[in-house]
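Single-structure report; data block below.
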Amino acid sequence: MTPEQFHDLIVPITKAMAGRPVDRDLENWLNAQYGAKTATPTQFDAACKAGIAAGWMCAQGSEGRRFGRVIPPTPATQDFSVDVVQIRNAHGPHHSHPNGEILLILPQTPAARFDARGLGWKVYPPGSAHYPTVTGGEAIVLYLLPGGAIAFTK
């Protein structure tokens, strides 16, 4: 898996999301179209594991919480950035989502939960904030940010 192949994997989803409000309806739509009952999570799980093994994905951080931006916001991604975090029984820094945040949660251990959610999509609306938290093991979380916007609390 190369960065270019990963880009090609995400673009159909960002194109399909273009123009939709970042809200609960988007979350429901993503879970119906690309959720646990589809091949999408398996494809992204394999792609993320390959990217991490190759060293270009989740290249920042330390054991237990590795992360990194893999795609900046561009016209090809409908102005969504794509970041990936690999996290085990920990929480990340508090932050807010000026334009919202769209997550694909990929549990790596059966009991792993990200913000109390298992496999599938979770959407935080614009203006929301949280401490991203994984319990019950390890998860890889792919997150899309409209305009690449994220604001870390100091």
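Observations on the structure shown:
- Neighbour-count order for 82, 22, fewest beta carbons within 10 angstrom listed first: 22, 82
- Interchain or long-range residues, amide H under 5 Å from residue 79's placed H: 74
- In Hz, Karplus ³J(HN,Hα) per residue of segment 47-59 (6.51, -1.76, 1.60; θ = phi - 60°; x = Gly, Pro): 5, 5, 4, 5, x, 5, 4, 6, x, 9, 10, 6, 8
- Listed by chain and number, the aspartates and glutamates whose alpha-carbon sits under 13 Å from that of residue 122, ignoring those within fewer than 8 places in the same chain, are 23, 25, 27, 101.
- Mean separation of Cα contacts under 8 Å, 6 or more apart, over the residue count of the chain: relative contact order %: 25 percent
- Hits among aspartates and glutamates - C-alpha to C-alpha of residue 49 under 17 Å, sequence gap 8 or more where chains match: 4, 8, 63, 83, 138
- Note: the chain, Cα convex hull, 100 Å³ per residue.
- Karplus-based coupling profile of segment 9-26, in residue order and whole Hz: 6, 7, 4, x, 6, 5, 5, 5, 7, 3, x, 7, x, 8, 8, 4, 4, 5, with θ = phi - 60° in 6.51 cos²θ - 1.76 cosθ + 1.60 and x standing for Gly or Pro.
- Here the translational diffusion coefficient of segment 32-79 follows from Stokes-Einstein with Rh set to the Kirkwood radius across Cα pairs; for 37 °C and 0.692 mPa s it amounts to 263 µm²/s.
- Whole-Å distance, taken between Cα centres, linking segment 70-110 and segment 116-146: 7 Å
- Residue 112 long-range amide H proximity, modeled H, under 5 Å: 138
Coordinate-derived values only; no laboratory data. Keep in mind it's a predicted model, so treat the numbers as computed, not measured. Note that we place each Cβ from the backbone using ideal geometry, even for glycine, and neighbour counts take in every protein chain shown.
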